[in-house]
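Novice: Have a look at the structure that comes next, please.
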Amino acid sequence: PRPPHLVSARPSPPPSPPPTSFASSTRRPASTTPIQKATGPPAGKGANVRAALQGRRGWGWTPGSQGGGAGGSNFTVLSVESKDSCPAPPSRPTPPTSHPGKDTVIVAKVNGKELQGKPTFKWIKGKWLELGSKSGARFTFKESHDPASNVRTLWGRGGMGARAGGCTGPASQKAYCLRQRETLTSSPRGGPACSPTLREVVEEENKKKKKDDDDLGIPPEVWELLKGAKKSEYERIAFQYGITDLRGMLKRLKKAKVEVKKSAAFTKKLDPAYQVDKGNKIKLVVEISDPDLPLKWFKNGQEIKPSSKYVFENVGKKRILTINKCTLADDAAYEVVVKDEKCFTELFVREPPVLIITPLEDQQVFVGDRVEMSVEVSEEGAQVMWMKDGVEMTREDSYKAQYRFKKDGKRHILIYSEVTLEDKGRYRVMTNGGQCEADLIVEEKQLEVLQDIADLTVKASEQAEFKCEVSDEKVTGKWYKNGVEVRPSKRITISHIGRVHKLPLEGIGRAQLPSLKLPRISALPPEPPKIHLDCSGKTSENAIVVVAGNKLRLDVSITGEPPPVATWLKEDQVFSATEGRVRIEQREGSSSFLIESAERGDEGRYTIKVTNPAGEDVASIFLRVVDVPDPPEAVRVTSVGEDWAVLVWEPPKYDGGQPLTGYLLERKKKGSQRWMKLNFEVFTELTYESTNMIEGVLYEMRVFAVNAIGVSQPSVNTKPFMPIAPTSEPQHLMVEDVTDTTTTLKWRPPDKIGAGGIDGYLVEYCVEGSDEWIPANTEPVERCGFTVKNLPTGAKIVFRVVGVNIAGRSQPATLTQPVTIREIVEQPKIRLPRHLRETYVRKVGEHLNLVIPFQGKPRPQVVWTKGGAPVDASRVHVRTSDFDTVFFVREAARSDSGEYELGVQIENMKDTATIRIRVVEKAGPPEHVMVKEVWGTNALVEWQPPKDDGNSEITGYLVQKADKKTMEWFTVYEHNRHTCCTVSDLIMGNEYYFRVYSENFCGLSDLPGVSKNTARIVKTGITFKPFEYKEHDFRMAPKFLTPLPDRVVVAGYAAALNCAVRGHPKPKVVWMKNNMEIREDPKFLMTNYQGVLTLNIRRPSPFDAGTYSCRAVNELGEALAECKLEVRGEDARPALHPAFEPLRAPGGPCWAGLGSEPGRPSGL
């Protein structure tokens, strides 16, 4: 494919653009076409390079640093593609200078004589953002075409002063957006070559530039931006600011010392730009260094307040602004301010493409007909562009071509009231989502004679009337007698009504018949000129009133011989225009004054003056133009309430020439396109109160002025306002505490807060006898309590509290009685909670946490005792504040049970309370479980209560049975209150064992009591007499076969304690350290393998040293074995036996031994 042809229009070139980039980017063969004369950029350093570029059918210059907004200078690139040759250079646009808050206009012209077809244009801002007709209200793009010179002119208007950035505008048949480093090549098919000596010129410039390699023509502010940017952003910044020598820029950045200036307030700033589809929501996220710093959001310089539209979120150090249901009104610049630092971004709201539902249709009409060409689009209120034969049709040109536009919902209509031959052509409607075309064919209407002139025969002195009818009522005709035109006179009156033309002749006689012949002109006597008006003469006054926009045609009949000459004057100026909106038409026997579309400036006195050799005549006409009034001025909202707002305005400066009859008012929600009428009858006052509004919603209002002609254009919308009301007064204001210099107040929030929320409270006080209220706090407090300090001792002061929100202060809540500033002595009193007035029961291992409030002033002294002695500080932790005391035990034990006494004392005043605490655990197993009696299939089982009831009452027993053959246990009784029970329904021939669990507050005991004898259910009629023998008694009390030896181990190496025990029944083994049982602890591992007991200690530390004991218990007795364990540091390892000397490693000692290998428990 052929290369695109670049036409770039960029503002204000710097004095020395870098030429090295063109040399590196030129990739075309040399040619012999001479360089054309440079007419674009100014001469100076690198002028020959620019001249060479202009010699190529595309040209451009590097942007400077002009422009007044954040982000640098404005930058525009326009690229055009042709398929066979390079387009002619465009006219150089005037370099724009944008100022904050003002529009910037960029104009470029493209010569399309060498283009095959019409190009299409796209405007691009920065590197990627495409700007279209619906990219926001700030940007407007137009295009016009001059068919004579075949030059296309592009206008780009945008409010870019405050948000300057890179803008490019490519225009191509197949759209291209080229970077600056891309250059044009010559035509590959033998077309005209473009700047053949460009390479030689560039090489010559490179030699001159080597001496000043560091000076790349980049402004200092751009260098500062590059130093603080990331490497990934270098290319974007270079493209935005027109830096083409990327290699030289990178070399200089590498040499420079990069000092990144870190923000003190922001750790993460906003992105340069955001884009969102219309109707969606977007989140703007910024991260600050200190979460306590105040932060404000601004939109186009106006502070954003929280509402349903704008939602503020605080997540850690992140501050998030969520914009819901984005509209075109949200397309703006946003700013975040923290202290003195700011960061900016731009939000672009992109509308969905507008599709054409019902396209245009071809029409064939006659001249003078009314024509309506309509198209229906997919979205109401969408913007469309009408074009006729490739030229845009605008409202500014509508008065010339006599057309107008109309919108009816989704339908867009082009209306011609009276179509002419010039209106025929091809019409096109374009949207951002499609286009459609149709032809309008206008033809001349053929004139037909419906009724011809008939021959008449009348009697003398009677009236004769000739009449004819034609097909067009607008056609004017002329009457002839014997080939001579008939003119009106006293006897002859010519009439034209609709399509009928009449010529009446009165009083015809024989003597008059010869007078009908054509007389000689020389025989006619001179006749002074005469103006035929209702009021004529120099002193006459004739007024005509016309409505602005209507057509005025004033036909004045004049007579005289010879025919007089008519002259029109407006005031004292002669008016002689015969073309245009206001013109004069001269006809034989009349002079016409036409105004196509009356305007205010047409008002005045018009004079017609007719002269001939016989004299002159003059008539004056005063033309009065009436119109709808101008919009009202200074429309503003003066005050708002909960659901109302007061609107005030001033009358318009121009009332349209008619007295004002009143005003019409409308309002809408901000961001909505739907206006709601507030009055249907005109309102005559200049102040209006709008009601029935929703609190917390932003509204806008506007006013129309009305006179007898019609309704004016709407006034400028008011600034968005929000109906909101202050909160109601705070509730239940009371005094919580008083000292010699302070008073503590507390209150409850207002009953009614409203949509405005509440920002805080202000506290004020007034000394009794004075009317001055002194503020106690300058900033509102959020909590419902405040301590007023530095008050005079002994004074009587009245306090009040007001709520504050965005709408202002609420009504105050005032104390009914003044407060005397003096310390109040209050007796100590313990407010014992209800659950502590009875015995407080907890399980072993659970924590004890008692919070007991008390009162008293000044702060009382709190003492805890148990049995008259202070509590053990190693087990009990006590914390006391001004209002309560906390009794805390991390793990409760049985020893913590008892009565505790709490004492609260102020000087000689004292109050005490007793708290009873019981720490319980599971009970022991029942004792002496025996089968006392067996009869039939029943057995009587009895037992004794357990020795240890777990410090809690025994609430019942669980009884189970098991067949001696299977030894599967089944529950017989639950919650049995007695120490005996009868087990029934036993199976005959089986022998049963029984076991019993005790139950208390903590549940069932861990071990049951098992019956020593069995219950044998004998079959009836069969008696078995067993062999009598003496059974050997294997039972024995526990006895340690191998005692526990004392051990010395090294810290960090696993250790094991071993012993062996024998006993029957199998004894229960308990390991203890310093007489404290070792429970479930991952540091210790206890094993019992056929009487061999092992306690493994994982990586012991000096803290694990102490006396370890092993207790074995069964029903016949118990045995105890003890040893001492000493843990030494790693530096205190014992010397190795000489037999292990060969095991010593070359680099240091090697440790070996039984039961002390690191990480592995040892055995016996």
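Novice: Quick one: in segment 230-259, which of the residues that are under 39 Å from the mean Cα position of the chain (by Cα), of a type in the set (G, A, S) and buried (at least 18 other Cβ atoms within 10 Å of the Cβ) is modelled with the lowest pLDDT?
Specialist: This residue is G242.
Novice: Another question about this same structure. Suppose we filter L270, L226, L293, L321 for residues that are part of a loop (DSSP other than H, G, I, E, B) and surrounded by 17 or more Cβ atoms within 10 Å (Cβ to Cβ); which single one remains?
Specialist: Values: L226 fails: part of a loop (DSSP other than H, G, I, E, B); L293 fails: surrounded by 17 or more Cβ atoms within 10 Å (Cβ to Cβ); L321 fails: part of a loop (DSSP other than H, G, I, E, B).
Within the list L270, L226, L293, L321, the selection yields L270.
Novice: Considering segment 358-379 alone, what residues qualify as being more than 21 Å from R411 (Cα to Cα) and open to solvent by less than 40 Å² (accessible area, probe 1.4 Å)?
Specialist: Correct list: V365, G368.
Novice: Please enumerate the residues belonging to segment 631-643 that are in contact with a Pro (Cβ under 8 Å, 6 or more places away or on another chain), assigned to a strand (DSSP E or B) and open to solvent by 60 Å² or more (accessible area, probe 1.4 Å). Before you say what the answer is, go through the steps one by one.
Specialist: Here is the first cut: in segment 631-643, the residues in contact with a Pro (Cβ under 8 Å, 6 or more places away or on another chain) are 631-633, 640-643.
Those still in the list that are assigned to a strand (DSSP E or B) too: 633, 640.
Across segment 631-643, the qualifying residue is only E633.
Novice: Which number in (1) in a loop (DSSP other than H, G, I, E, B); (2) touching a residue at least 40 places away in the same chain (Cβ under 8 Å) marks the one condition that A333 misses?
Specialist: (1)
Novice: Now, a different point. Given the structure, is L815 open to solvent by 20 Å² or more (accessible area, probe 1.4 Å) and touching a residue at least 60 places away in the same chain (Cβ under 8 Å)?
Specialist: Details: open to solvent by 20 Å² or more (accessible area, probe 1.4 Å): yes; touching a residue at least 60 places away in the same chain (Cβ under 8 Å): yes.
So L815 fits the description; yes.
Novice: Let me ask something else about it. So which strands (runs of 3 or more DSSP E) stay within segment 836-950 end to end and still have 1 or more residues that are open to solvent by 30 Å² or more (accessible area, probe 1.4 Å), of a type outside the set (D, E) and more than 30 Å from D737 (Cβ to Cβ)?
Specialist: 840-843, 861-866, 909-920, 927-935, 938-944
Novice: Confirm whether K309 is among the basic types (K, R) and farther than 27 Å from A382 by Cα.
Specialist: Details: among the basic types (K, R): yes; farther than 27 Å from A382 by Cα: no.
Criteria not met by K309.
Novice: Only one of (1) farther than 21 Å from M734 by Cα; (2) in contact (Cβ under 8 Å) with a residue 60 or more places away in the chain; (3) in contact with a strand residue (DSSP E or B) (Cβ under 8 Å, 6 or more places away or on another chain) fails for S810. Which number is that?
Specialist: Status for S810: all satisfied but (1).
Novice: Return the residue satisfying two criteria in turn: it lies in segment 1101-1120 and is part of a strand (DSSP E or B) and among the hydroxyl-bearing types (S, T, Y), and of such residues it is surrounded by the most Cβ atoms within 10 Å (Cβ to Cβ). Steps first, please.
Specialist: Let us first name the residues in segment 1101-1120 that are part of a strand (DSSP E or B), namely 1106-1114, 1117-1120.
Now restrict to residues that are among the hydroxyl-bearing types (S, T, Y): 1107-1109.
Numbers: T1107: 13, Y1108: 23, S1109: 17.
Residue satisfying both the conditions and the ranking: Y1108.
Novice: Sticking with this structure for a sec: Does P723 satisfy the condition of being of a type outside the set (D, E), open to solvent by less than 30 Å² (accessible area, probe 1.4 Å) and over 30 Å from P818 (Cβ atoms)? Reasoning before the result, please.
Specialist: Values: of a type outside the set (D, E): yes; open to solvent by less than 30 Å² (accessible area, probe 1.4 Å): yes; over 30 Å from P818 (Cβ atoms): yes.
Yes.
Novice: Go through (1) among the hydrophobic types (A, V, I, L, M, F, W, C); (2) within 24 Å of L1116 (Cα to Cα); (3) surrounded by 18 or more Cβ atoms within 10 Å (Cβ to Cβ) one by one and return the number of the condition L958 breaks.
Specialist: (2)
Novice: Tell me which residues, restricted to segment 388-430, are under 17 Å from I441 (Cα atoms), part of a loop (DSSP other than H, G, I, E, B) and either open to solvent by less than 30 Å² (accessible area, probe 1.4 Å) or of a type outside the set (S, T, N, Q) (or both).
Specialist: D389, G390, E418, V419, K424
Novice: Here's something else I'd like to know. Does segment 328-347 contain at least one residue that is open to solvent by less than 30 Å² (accessible area, probe 1.4 Å), under 30 Å from V375 (Cα atoms) and modelled with pLDDT of 85 or more?
Specialist: Checking segment 328-347: at least one residue is open to solvent by less than 30 Å² (accessible area, probe 1.4 Å), under 30 Å from V375 (Cα atoms) and modelled with pLDDT of 85 or more.
Novice: Can you pull out the residues in segment 461-489 that are open to solvent by less than 60 Å² (accessible area, probe 1.4 Å), touching a residue at least 24 places away in the same chain (Cβ under 8 Å) and in a loop (DSSP other than H, G, I, E, B)?
Specialist: The answer is S471, D472, V475, G477, W479.
Novice: Moving on. Mind listing just one residue for me: the one in segment 644-657 that is crowded, with 16+ Cβ neighbours inside 10 Å and not aromatic (F, W, Y) and, of those, farthest from Y699 (Cα to Cα)?
Specialist: The initial filter retains those residues of segment 644-657 that are crowded, with 16+ Cβ neighbours inside 10 Å, namely 645, 647-649, 652, 655-657.
Within this subset, residues satisfying the condition of being not aromatic (F, W, Y) are 645, 647-648, 652, 655-657.
Working: A645: 10, L647: 12, V648: 15, P652: 23, D655: 28, G656: 30, G657: 33 Å.
Restricting to residues being crowded, with 16+ Cβ neighbours inside 10 Å and not aromatic (F, W, Y), the top hit is G657.
Novice: Given the residues V625, V648, V640, which is the only one that is hydrophobic (A, V, I, L, M, F, W, C) and under 30 Å from N324 (Cβ atoms)? Reasoning before the result, please.
Specialist: Numbers: V625 fails: under 30 Å from N324 (Cβ atoms); V648 fails: under 30 Å from N324 (Cβ atoms).
Criteria check complete, one pass: V640.
Novice: Which one of the conditions (1) outside any loop (DSSP other than H, G, I, E, B); (2) surrounded by fewer than 16 Cβ atoms within 10 Å (Cβ to Cβ) does E779 fail to meet, given that it meets all the rest?
Specialist: For E779, the exception is condition (1).
Novice: Do we have E380 as in a strand (DSSP E or B) and either touching a Gly at 6+ places or on another chain (Cβ under 9 Å) or of a type in the set (S, T, Y) (or both) here? It would help to see each step written out before you state the result.
Specialist: On the way: in a strand (DSSP E or B): no; either touching a Gly at 6+ places or on another chain (Cβ under 9 Å) or of a type in the set (S, T, Y) (or both): yes.
In short, no.
Novice: Counting just the residues of segment 345-397 that are hydroxyl-bearing (S, T, Y) and over 30 Å from A273 (Cβ atoms), which one comes out farthest from the chain's Cα centre (by Cα)? Steps first, answer last, please.
Specialist: Our first condition is that a residue be hydroxyl-bearing (S, T, Y); within segment 345-397, this holds for 345, 358, 374, 378, 394.
After this cut, where a residue has to be over 30 Å from A273 (Cβ atoms) as well, the list is 358, 374, 394.
Numbers: T358: 35, S374: 38, T394: 36 Å.
Restricting to residues being hydroxyl-bearing (S, T, Y) and over 30 Å from A273 (Cβ atoms), the top hit is S374.
Novice: Sticking with this one: What's the total number of residues in segment 607-657 that are within 40 Å of the chain's Cα centre (by Cα) and aliphatic (A, V, I, L, M)?
Specialist: Final tally of qualifying residues: 8.
Novice: Next question. If we keep just the residues of segment 982-1023 that are of a type in the set (G, A, S) and in contact with a strand residue (DSSP E or B) (Cβ under 8 Å, 6 or more places away or on another chain), which is farthest from R842 (Cα to Cα)?
Specialist: Narrowing segment 982-1023 to residues of a type in the set (G, A, S): 984, 989, 998, 1003, 1005, 1009, 1011, 1015, 1021.
Then drop every residue that is not in contact with a strand residue (DSSP E or B) (Cβ under 8 Å, 6 or more places away or on another chain), which leaves 984, 998, 1005, 1009, 1011, 1015.
On the way: S984: 39, S998: 19, S1005: 17, G1009: 26, S1011: 33, A1015: 40 Å.
Here the answer is A1015.
Novice: Quick check on my filter: what residues within segment 658-677 are surrounded by 13 or more Cβ atoms within 10 Å (Cβ to Cβ), of a type in the set (D, E, K, R) and either at positive phi or in a strand (DSSP E or B) (or both)?
Specialist: Listed by number, the residues that qualify are E666, R667, K668, K669.
Novice: Any residue at all in segment 690-706 that's at pLDDT 90 or above and over 28 Å from E642 (Cβ atoms)?
Specialist: Yes, segment 690-706 contains at least one residue that is at pLDDT 90 or above and over 28 Å from E642 (Cβ atoms).
Novice: If the Cβ limit is 8 Å and pairs must be 6+ apart or interchain, which residue in segment 564-584 that is of a type in the set (A, V, I, L, M, F, W, C) pairs with which residue that is part of a loop (DSSP other than H, G, I, E, B)?
Specialist: Correct list of pairs: W568/S576; V582/E596; I584/S576; I584/A577; I584/T578.
Novice: Return only the number of the condition from (1) over 30 Å from V697 (Cα atoms); (2) touching a residue at least 24 places away in the same chain (Cβ under 8 Å) that H835 does not satisfy.
Specialist: Of the numbered conditions (1) over 30 Å from V697 (Cα atoms); (2) touching a residue at least 24 places away in the same chain (Cβ under 8 Å), the odd one out for H835 is (2).
Novice: Moving on to the next point. Would you call R674 within 40 Å of the chain's Cα centre (by Cα) and without any contact (Cβ under 8 Å) to a residue 24 or more places away in the chain?
Specialist: Details: within 40 Å of the chain's Cα centre (by Cα): yes; without any contact (Cβ under 8 Å) to a residue 24 or more places away in the chain: yes.
Criteria met by R674.
Novice: Exactly one of (1) assigned to a strand (DSSP E or B); (2) free of Cβ contacts under 8 Å to residues at least 40 places away in the same chain is unmet by G560. Its number?
Specialist: Among (1) assigned to a strand (DSSP E or B); (2) free of Cβ contacts under 8 Å to residues at least 40 places away in the same chain, G560 violates only (2).
Novice: For V983, are the conditions met, namely being out of contact with any Cys (no Cβ under 9 Å at 6 or more places or on another chain), under 27 Å from L1116 (Cα atoms) and surrounded by 14 or more Cβ atoms within 10 Å (Cβ to Cβ)? Give the derivation first.
Specialist: Numbers: out of contact with any Cys (no Cβ under 9 Å at 6 or more places or on another chain): yes; under 27 Å from L1116 (Cα atoms): no; surrounded by 14 or more Cβ atoms within 10 Å (Cβ to Cβ): yes.
Judged against the criteria, V983 is not a match.
The values are calculated or read from the model by the stated rules, or taken from the named source; none is laboratory data. In this text, all values refer to a predicted model and were calculated from it rather than measured experimentally. All Cβ positions, even for glycine, are placed from backbone atoms using ideal geometry, and neighbour counts span all protein chains on display. For accessibility, only protein heavy atoms count, side chains too; no ligands or nucleic acids. Shrake-Rupley method; radii C 1.70, N 1.55, O 1.52, S 1.80 Å.
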